[in-house]
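*Asks:* Below is one structure. I have some questions about it.
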Amino acid sequence: MEIANVVEKCAGVVQEVTIGATKEEGGTRRKTVTIGGANSLPFMDFDGNPGHKPAIAIDVYDIPPEDWPEPLLKHYEDVVNNPANWAKRCAEEYGADLICLKLDGIHPDRGNKSADETVSTVKSILEAVDIPLIIWGCENNERDNEILPKVSEATKGEKCLIGGATQENYKTITAVCLADGHNLITQAPVDINIGKQINILVTDLGFPTDRIVMFQTTGALGYGIEYCYSIHERGRIAGLSGDRQMATPVICDVGHESWRAKESKASDSEAPQWGSFADRGIMWEAITAVTLIQSGVDIIRMYHPEAVSIVKEHIEKLT
Amino acid sequence: MITIAERINGMFLDVKKAIKEKNASIIHELAKRQTEAGATYLDINVGTAAADQHDAMRWLVETTQEAVKTPIAIDSQKLDVVKAGLEVVKNEVMINSSQGEPEDLDIYIPLAKEHNAALICLTMNKDGVPQDVDTRVEIAATIVGKVMEHGMDMDKVFIDPIILPVNVDQKQPGYMLEVFSQIKLLSDPQPHITVGLSNFSQGTKEKSLLNKTMLIMAVAAGLDTALMDVLDTDLMDAGICAEMVLNKQIYSDSFLKAARS
């Protein structure tokens, strides 16, 4: 008897997006990172092509973090005042595929750093590492619209991934990324309808879909991960079913969301029944990441080097 | 939804004239306007206008391709006219249509496979168009069986249970809805279900409203494609809304536009 073929074929393909540009391509990176390309659900290689493996971006801040617990901070303590050295460590020792520079310091309440200062930070990172760069604003519209165009211009040709364009504030950042050849993060507040809408808005401005990466505000384990998972999953299924506006790769923010959970922050004396403080945050971050990669994410922003290596090993096992 | 745009048809006077005078600009404009309106396929039917239907089909296909890259549905009941269109087609292609007799399917399915074409199959046999639910579903089952026997991809098969004008027999629309859901129920994997929607309102007043109403009800019963007037914006919007309501498309504030892109 013939065995029925139960392969689930998909009509759509997730766009491939390449971040970073080598010297030949007009940038200065030694290597680039390509994500997307899936025409099956994550890791379902028997159904089709699951596309490129999820990439890990490690976060670097332009100001020292204020509230990091000791098990995390100890890996960065000597570099938090020097983003270039911080990035170098992430790239050379902690296995980052990309650096995600979060510009918290430009926020009016957190340093109000100038455009010049920010551009010089970005340039110092590009000199310190040879992997591609994600640049994320402070989510204050006024400051983002002032600083990100300068940063975009100063990094022209590097094909960075810059974010984020929101439904309320997308025109400036979309225009500068388009002009300077960067990729763009479109951002929605855990809302699939807005996620789709912002992609329509930026493509209406002429932004190509093969340079868009979607971001739905991430929920960590215990803090809305189910909601976040189901939105990623629904978006990916729609994209694979032929909805072109949803067929773009997805980035998630696991490090920040996991390490602000009280389970990662409470010391042994505060929560003796929760297991070792030294391991808890790492596990919180790793579990959040390995859960979300099943929902269809292409870049995972992370913090802790041990969590990064657990997640990388897990991805290798699944591919 | 998958829309097959109906306007390049020799039954329309402007197209009839264009064929006769080899006036390419009329066809170019129709091809572009229908594509911009969101057509998935452009149906091409020479109608009864041309003395040489083969030549007219070749000319219409080539002329359409000059203007757009939109997939083309070659529409004729005559096999050799279909073949004339296939000779010159470069865009993605659909054959419209085969009847549901096994001997017809044995010719058309291999032909579609050879050209990597989609295929519309009518639930119609040597006795003509069935007037009841059961015979239509039976012929649909024959079609699905033949498609599987020939190893054709079910996603390229469109079953058309043939909709009749509402003023001919008012029991028919209800039968159609029943046929749609039964075909969906009986087949796995499922073929597409299509109709020639404008036929439903033929000879009536309120054509657009009737088409819209039937389209929405049909989509709810399982229809996912139609040969229709894509230039009727309200009709297209109604189809898109119906699919959105059924959660076949993710809502966004610009969902009408997104569905056409």
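*Asks:* Of all DSSP beta bridges in segment A:17-318, what percent run antiparallel (nearest 5)?
*Replies:* Working: 3 of 33 bridges.
So the antiparallel bridges in segment A:17-318 amount to around 10 percent.
*Asks:* Tell me which GluC sites (Glu not before Pro) from segment A:12-60 have a DSSP coil assignment and no more than 11 other beta carbons within 10 Å of their own.
*Replies:* Qualifying residues, ordered by number: A:24.
*Asks:* Same structure again: I want the antiparallel fraction of DSSP beta bridges within the protein assembly as shown, as a percent rounded to 5.
*Replies:* Details: 4 of 60 bridges.
The antiparallel proportion sits near 5 percent.
*Asks:* How long are the three semi-axes of the equivalent ellipsoid of chain B, in whole Å, if each is the root of 5 times an eigenvalue of the C-alpha gyration tensor, listed from largest down? Don't skip to the answer; put the middle values down first.
*Replies:* Details: eigenvalues 133, 107, 66 Å².
One finds semi-axes of 26, 23, 18 Å for chain B.
*Asks:* In addition: Of A:83, A:302, A:179, which is farthest towards the positive pole of chain A's charge dipole, taken about the Cα centre with +1 and -1 on the beta-carbons of Lys, Arg and Asp, Glu respectively?
*Replies:* A:179
*Asks:* Please report, in whole Å³, the volume per residue of the convex hull around the C-alpha atoms of the protein assembly as shown.
*Replies:* On the way: hull volume 105.9 nm³, N = 580.
It is 183 Å³ per residue.
*Asks:* At a Förster distance of 22 Å, what's the computed FRET efficiency of residue B:77 paired with residue B:150, Cβ-Cβ distance as r, to 0.05? Walk me through the numbers on the way to the answer.
*Replies:* Working: r = 21 Å, r/R0 = 0.95.
Efficiency, rounded to the nearest 0.05: 0.55.
*Asks:* Which of B:101, B:178, B:66 moves the most in a Gaussian network model of chain B with Cα springs under 10 Å?
*Replies:* Most flexible of the set in this elastic network: B:66.
*Asks:* Ok, one more. Can you list which of the GluC sites (Glu not before Pro) found in segment A:241-319 are DSSP loop residues with at most 14 other C-beta atoms within 10 Å? Write down the numbers at each step before the final one.
*Replies:* Numbers: sites: A:257, A:263, A:270, A:285, A:306, A:313, A:316; in loops: A:270.
The qualifying sites are A:270.
*Asks:* Then there is this: Need the C-alpha centroid separation for segment A:1-71 versus segment A:210-241, integer Å.
*Replies:* Distance between centres, Cα-based: 14 Å.
*Asks:* Provide the FRET efficiency to the nearest 0.05 for the residue A:267-residue A:80 pair, computing r from the beta carbons and using R0 = 22 Å.
*Replies:* It comes to 0.60.
*Asks:* Still on this model: Semi-axes of the equivalent ellipsoid for segment A:199-305, please: Cα gyration tensor eigenvalues, times 5, square-rooted, ordered largest first, whole Å. List each step's numbers first, then the result.
*Replies:* Working: eigenvalues 220, 31, 20 Å².
The equivalent ellipsoid of segment A:199-305 has semi-axes of 33, 12, 10 Å.
*Asks:* State which entries of A:113/A:171; B:83/B:171; A:23/B:32; A:156/B:69; A:23/A:74 exceed 32 angstrom in Cα-Cα distance in the structure shown.
*Replies:* In this structure, B:83/B:171; A:23/B:32; A:156/B:69; A:23/A:74 lie more than 32 Å apart at Cα.
*Asks:* Among A:259, A:68, which comes first, then next, by fewest other beta-carbon atoms within 10 Å?
*Replies:* Values: A:259 27, A:68 22.
Listed from fewest to most nearby Cβ atoms, that is A:68, A:259.
*Asks:* May I ask for the Rg/Rh ratio of segment A:1-111, computed from Cα atoms with Rh as the Kirkwood radius, given to two decimals?
*Replies:* That ratio is 1.16, to two decimals.
*Asks:* With chain B treated as a Gaussian network of Cα nodes joined by springs under 10 Å, which of B:21, B:92, B:243 yields the largest mean-square fluctuation?
*Replies:* B:21
*Asks:* Would you work out the charge dipole size for segment A:17-318 about its Cα centre, treating the Cβ of every Lys and Arg as +1 and the Cβ of every Asp and Glu as -1, and quote it to the nearest 20 debye?
*Replies:* It comes to approximately 640 debye.
*Asks:* So how strong a dipole does the protein assembly as shown carry about its Cα centre when Lys and Arg Cβ are +1 and Asp and Glu Cβ are -1, to the nearest 20 debye? Before the final figure, lay out each step's value.
*Replies:* On the way: 55 positive and 86 negative charges, 206 e Å.
So the magnitude is around 980 debye.
*Asks:* Another one. Modelled label-to-label distance, residue A:22 and residue A:168, 7 Å Cα→beta-carbon offset: nm?
*Replies:* 4.3
*Asks:* Using square roots of five times the C-alpha gyration tensor eigenvalues, list the equivalent-ellipsoid semi-axes of segment A:17-318 in whole Å, biggest first.
*Replies:* In descending order, the three semi-axes are 27, 25, 18 Å.
*Asks:* How would B:36, A:66 line up from fewest to most surrounding beta-carbon atoms within 10 angstrom?
*Replies:* Arranged by neighbour count, lowest to highest, B:36, A:66 become A:66, B:36.
*Asks:* Please give every one of the aspartates and glutamates within straight-line cross-link reach of residue A:312, meaning a C-alpha to C-alpha distance under 17 Å, and leave out same-chain neighbours fewer than 8 residues apart.
*Replies:* A:59, A:92, A:93, A:97, A:253, A:285, A:298
*Asks:* Taking a quarter of the surface of the convex hull around the Cα atoms of segment B:10-112, what do you get in nm²?
*Replies:* With every direction weighted equally, the projected area is 6.3 nm².
*Asks:* Now for a separate question. Between segment A:255-319 and segment B:138-157, how many Å separate their Cα centres?
*Replies:* 50
*Asks:* Roughly how many debye, to the nearest 20, is the charge dipole of segment B:2-260 about its Cα centre, given +1 on each Lys and Arg Cβ, -1 on each Asp and Glu Cβ, and no other charges? Before the final figure, lay out each step's value.
*Replies:* Working: 25 positive and 38 negative charges, 128 e Å.
Result for segment B:2-260 is approximately 620 debye, rounded to the nearest 20.
*Asks:* If we sort B:222-230, B:146-154 on the protection proxy, mean other Cβ atoms within 10 Å, highest first, what's the order?
*Replies:* B:222-230, B:146-154
*Asks:* Okay, moving on. Report the full-extension gain for the segment residue A:193 to residue A:112: residue separation times 0.36 nm, less the Cα-Cα distance, to one decimal in nm. Before the final figure, lay out the partial values.
*Replies:* Values: separation 81, 0.36 × 81 = 29.16 nm, distance 3.28 nm.
25.9 nm is the gain from fully extending residue A:193 to residue A:112.
*Asks:* Select from segment A:154-227 those GluC sites (Glu not before Pro) which occupy a DSSP coil region and have at most 16 other Cβ atoms within 10 Å, ordered by residue number.
*Replies:* A:168
Every number here is computed from the coordinates shown, using simple stated rules; none is lab data. Computed from a predicted model, the values in this text were never measured in an experiment. When we count neighbours, we look across all protein chains shown, and the Cβ atoms used for this are built from the backbone with ideal geometry, even at glycine.
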